[in-house]
Amino acid sequence: MAMMTPNLQATDCSNLIPSLTSLFPPRLLHRPLSLPHSPKSEEVLSEWERVYLPIDPGVVLLDIAFVPDDLNHGLTILETKDGGNTWTQRSIPSAEDEDFNYRFNSISFKGKEGWIVGKPAILLYTSDAGESWERIPLSAQLPGDMVYIKATGEKSAEMVTDEGAIYVTSNRGYNWRAAVQETVSATLNRTVSSGISGASYYTGTFNTVNRSPDGRYVAVSSRGNFYLTWEPGQPFWQPHNRAIARRIQNMGWRADGGLWLLVRGGGLFLSKGTGISEDFEEVPVQSRGFGILDVGYRSEEEAWAAGGSGVLLRTTNGGKNWTRDKAADNIAANLYSV
């Protein structure tokens, strides 16, 4: 079971990978040749090693997670116990009871506790670093498909569906509390006259959704014509007009709390200041004409951007300037996440 790729970019899959870096192309995993992520790290990630995976060529891995207490131990469900050098396939008996081909969308660990969500609706939990997995029952009335889960503490997690429902649990998934009062569709039905361009064309699902370390979310509408944000304590998602003519490909959070924004066809924008904003400025990037699909910050200064046809970019000054890393230039694959 390796996480595959559906339509939802930042959290969708049909085979499963846990999360140290995130999404990757078929049969390919790029691994940084350095120690695991550290916000204050000054290590230079200038080289990447290609890691071959024991999966079919058509499989696209969507998420990857390493056990924090043992950073050599990662899951997808492929599994590694040597820091990602080699991977073996794992089966989860509790997900094989029915005649379904589950697509695992997201995986997350906190300590030895881990969570997996997928489609059709399935929720798995481990308390022993993935040695065994327990299936947690879910309501058939869940609005939308589960596309993201975040382990937040002991027996605690936060789960998001592609219709904007956010649920939290503190008792290993036996009970869930809604963090928002309605789905995004219901919110837009109330706010469509408030000037949100494209809201009337909303199809009811997210294209991408990303979470900040402090629990804020930014999501891109399925057509990419506007975006939404949510902060803990808010009863509803807040829709925002895009200030760029081209449609949005993906959005996420910088290490300083600001936003980055990618547009379809190529183009990287950074919000002015920190926090949620509708004011963005474009940053020149050398993407060789290929679209950029994801951005990942290691610190406030260092970040990487990945995209089509092996595009790999790096900044060391917070995103003001980007240089191309040629490590993946000869790889005929898209880099979906970093």
- prompt: If you count, for each residue, the other Cβ atoms within 10 Å and average over each peptide, how do 291-302, 228-239 line up from highest to lowest?
  reply: 291-302, 228-239
query: FRET efficiency for ALA178 and ARG246, Cβ-Cβ distance as r, R0 = 30 Å, nearest 0.05?
result: 0.30
task: Using R₀ = 35 Å, calculate the FRET efficiency as 1/(1 + (r/R₀)^6) where r is the Cβ-Cβ separation of GLU96 and ILE331; round to 0.05.
output: 0.60
- line: Two pseudo-spin positions, 7 Å from Cα along C-beta at VAL51 and at GLU154, lie apart in nanometres by 3.1 nm
query: Can you list the residues, at least 5 places off or on another chain, whose amide H is less than 5 Å from the amide H of ARG247, using H built in the peptide plane?
result: ARG264
message: For the pair VAL283/LYS320, report the inter-label distance in nm, with labels modelled 7 Å from Cα in the Cβ direction.
response: 1.1 nm
- prompt: If one puts a single equal scatterer on every Cα of segment 202-337 and applies the Debye formula without solvent, what log₁₀ I(q)/I(0) results at q = 0.10, 0.12, 0.14, 0.22 Å⁻¹?
  reply: -0.30, -0.44, -0.60, -1.40
- request: Give, in nm to one decimal, the length gained when the segment between SER185 and GLN141 is fully stretched (0.36 nm per residue of separation minus the Cα-Cα distance).
  value: 14.2 nm
query: Can you list residues whose amide H is under 5 Å from LEU293's amide H, if they're 5+ apart or on another chain and H is modeled 1.01 Å from N?
result: ALA306, GLY307, GLY308
statement: So the FRET efficiency between ASN72 and SER170, C-beta based with R0 = 30 Å and rounded to 0.05, is 0.55
task: Calculate one ³J(HN,Hα) per residue across segment 285-291 by plugging θ = phi - 60° into the Karplus curve 6.51 cos²θ - 1.76 cosθ + 1.60, and present them in order as whole Hz with x for glycine and proline.
output: 9, 9, 9, 6, x, 9, x
- prompt: Points 7 angstrom from Cα along the Cβ direction at GLN89 and ARG223: gap in nanometres?
  reply: 4.1 nm
message: For a quick check: with amide H placed at 1.01 Å from N, whose amide H comes under 5 Å from GLY258's, ignoring anything fewer than 5 positions away on the same chain?
response: GLY275
- request: Using the Karplus curve 6.51 cos²θ - 1.76 cosθ + 1.60 with θ = phi - 60°, work out ³J(HN,Hα) for each residue of segment 175-185 in order, rounded to whole Hz, and write x for Gly and Pro.
  value: 9, 10, 10, 6, 8, 10, 8, 7, 6, 5, 4
statement: Note on segment 48-181: the mean projected area of its alpha-carbon convex hull, in nm², is 8.7 nm²
field: ³J(HN,Hα), Karplus 6.51/-1.76/1.60, whole Hz, each residue of segment 322-338, x for Gly, Pro
entry: 10, 10, 8, 9, 8, 4, 10, 4, 9, 9, 7, 7, 7, 9, 7, 7, 9
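Every number here is computed from the coordinates shown, using simple stated rules; none is lab data. Everything numeric here is computed off the predicted structure, so don't read it as measured data. Note that we place each Cβ from the backbone using ideal geometry, even for glycine, and neighbour counts take in every protein chain shown.
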